[in-house]
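Trainee: Dumping the structure here so I can ask a few things about it.
The values are calculated or read from the model by the stated rules, or taken from the named source; none is laboratory data. All figures in this text were calculated on a predicted structure; none of them were measured in a lab. Cβ placement follows ideal geometry from the backbone for every residue including glycine, while neighbour counts extend to all protein chains displayed. Just so you know, the surface numbers come from the protein's heavy atoms only, side chains and all, with ligands and any DNA or RNA stripped out. Shrake-Rupley method; radii C 1.70, N 1.55, O 1.52, S 1.80 Å.
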Amino acid sequence: MLHIALAKGRIAKTVMHRLADGGWEFPEYSGDSRKLIFTDASGRLKVTLVKSPDVAVYVRRGAADAGIVGKDILIEDGADDVYEILDLGIGKCRMAVSGIRGQRDVMKKRILTVASKYPRIARRYFARRFQPVDIIRLNGSVELAPLVGLADVIVDIVETGTTLRENGLEAYDEFMELSARLICNKVSYKMKQSELQDFIRSCRFEE
Ligand code: PRP
């Protein structure tokens, strides 16, 4: 049996649909269930729903053979000791610096206050531009920060742009293309190669 750790949230829904299209049946899965482990009807595939930053932990430690998670998380938290084997081409989005619409001159401030769920990515972005920053790590709804005066700008993912638009913000610089990746445990990569290939083929992830 192949065990996949799947990042909860948007990616999970897309992947579960893709699996269903590929012929995998998960009788107990429904998008709004609180269940965390699903085994397919043939007993060949197990999917566990895991918080995004934990996917690489499960895979590295062999608690899952493979994982599906956004590249943003892999860059931010690191993905040492696992193989990144495929860009799945789903969950596409961009990492961007954003702020209040029409106020991009704020970027010229001597010291910029930056709110982000991705402090490492944010720090690197501004370090490359020799821009001094004060980074505030937040855990979600980052778009609020410029609106309440907590930060000048945010560094966050933009998918449809709806969240920015509906909150009077705009992207000042979209600087990184992102998508979901398949990562694999190093031992499983050797020992379960044919199962992995079947899985990839059945989901048509290679297209
Ligand atoms: C992500 C991201 C943005 C939003 C972007 O948040 O942090 O807020 O999605 O998507 P959009 O461009 O399609 O509007 P998520 O929904 O994961 O929630 P969070 O803010 O609680 O992290």
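Trainee: Can you find even one residue in segment 57-76 that is in contact with a His (Cβ under 6 Å, 6 or more places away or on another chain), at pLDDT 95 or above and either within 30 Å of residue 173 (Cβ to Cβ) or not hydrophobic (A, V, I, L, M, F, W, C) (or both)?
Mentor: yes
Trainee: Does residue 109 satisfy being within 13 Å of the ligand (Cβ to nearest atom), touching a residue at least 24 places away in the same chain (Cβ under 8 Å) and basic (Lys, Arg)?
Mentor: No; evaluated as a whole, the condition is false for this residue.
Trainee: Something else now. The conditions are (1) open to solvent by 10 Å² or more (accessible area, probe 1.4 Å); (2) more than 16 Å from residue 203 (Cα to Cα); (3) out of contact with any Asp or Glu (no Cβ under 9 Å at 6 or more places or on another chain), and residue 65 fails exactly one of them. Which is it?
Mentor: The one condition residue 65 does not meet is (3).
Trainee: Still on this model: When both residues are 6+ apart or on different chains and their Cβ atoms are under 7 Å apart, which pairs have a first residue that lies in segment 155-167 and is touching a residue at least 12 places away in the same chain (Cβ under 8 Å) and near the ligand (Cβ under 6 Å from one of its atoms), and a second that is assigned to a strand (DSSP E or B) and open to solvent by 80 Å² or more (accessible area, probe 1.4 Å)?
Mentor: Pairs that qualify, where the first residue is touching a residue at least 12 places away in the same chain (Cβ under 8 Å) and near the ligand (Cβ under 6 Å from one of its atoms) and the partner is assigned to a strand (DSSP E or B) and open to solvent by 80 Å² or more (accessible area, probe 1.4 Å), are 158/174.
Trainee: Something else about it: Within segment 76-83, identify whether any single residue is surrounded by fewer than 17 Cβ atoms within 10 Å (Cβ to Cβ) and at positive phi, and answer yes or no.
Mentor: Yes, because at least one residue in segment 76-83 is surrounded by fewer than 17 Cβ atoms within 10 Å (Cβ to Cβ) and at positive phi.
Trainee: If you don't mind, another one. Mind counting the residues in segment 1-56 that are open to solvent by 50 Å² or more (accessible area, probe 1.4 Å) and in a helix (DSSP H, G or I)?
Mentor: 9
Trainee: Filter segment 139-152 for residues that are hydrophobic (A, V, I, L, M, F, W, C), open to solvent by less than 40 Å² (accessible area, probe 1.4 Å) and closer than 18 Å to residue 166 by Cβ and give the result.
Mentor: Those that are hydrophobic (A, V, I, L, M, F, W, C), open to solvent by less than 40 Å² (accessible area, probe 1.4 Å) and closer than 18 Å to residue 166 by Cβ: 142, 145.
Trainee: Looking only at segment 59-107, count every residue that is farther than 19 Å from residue 16 by Cβ, part of a helix (DSSP H, G or I) and within 14 Å of the chain's Cα centre (by Cα) and tell me the total.
Mentor: Counting residues in segment 59-107 that are farther than 19 Å from residue 16 by Cβ, part of a helix (DSSP H, G or I) and within 14 Å of the chain's Cα centre (by Cα) gives 6.
Trainee: Which condition from (1) surrounded by fewer than 17 Cβ atoms within 10 Å (Cβ to Cβ); (2) without any contact (Cβ under 8 Å) to a residue 24 or more places away in the chain is the one that residue 126 breaks?
Mentor: (1) is the only condition that residue 126 fails.
Trainee: Would segment 172-187 turn up any residue that is at pLDDT 95 or above, of a type outside the set (D, E, K, R), over 21 Å from the mean Cα position of the chain (by Cα) and part of a helix (DSSP H, G or I)?
Mentor: Looking for residues that are at pLDDT 95 or above, of a type outside the set (D, E, K, R), over 21 Å from the mean Cα position of the chain (by Cα) and part of a helix (DSSP H, G or I), one finds at least one in segment 172-187, hence yes.
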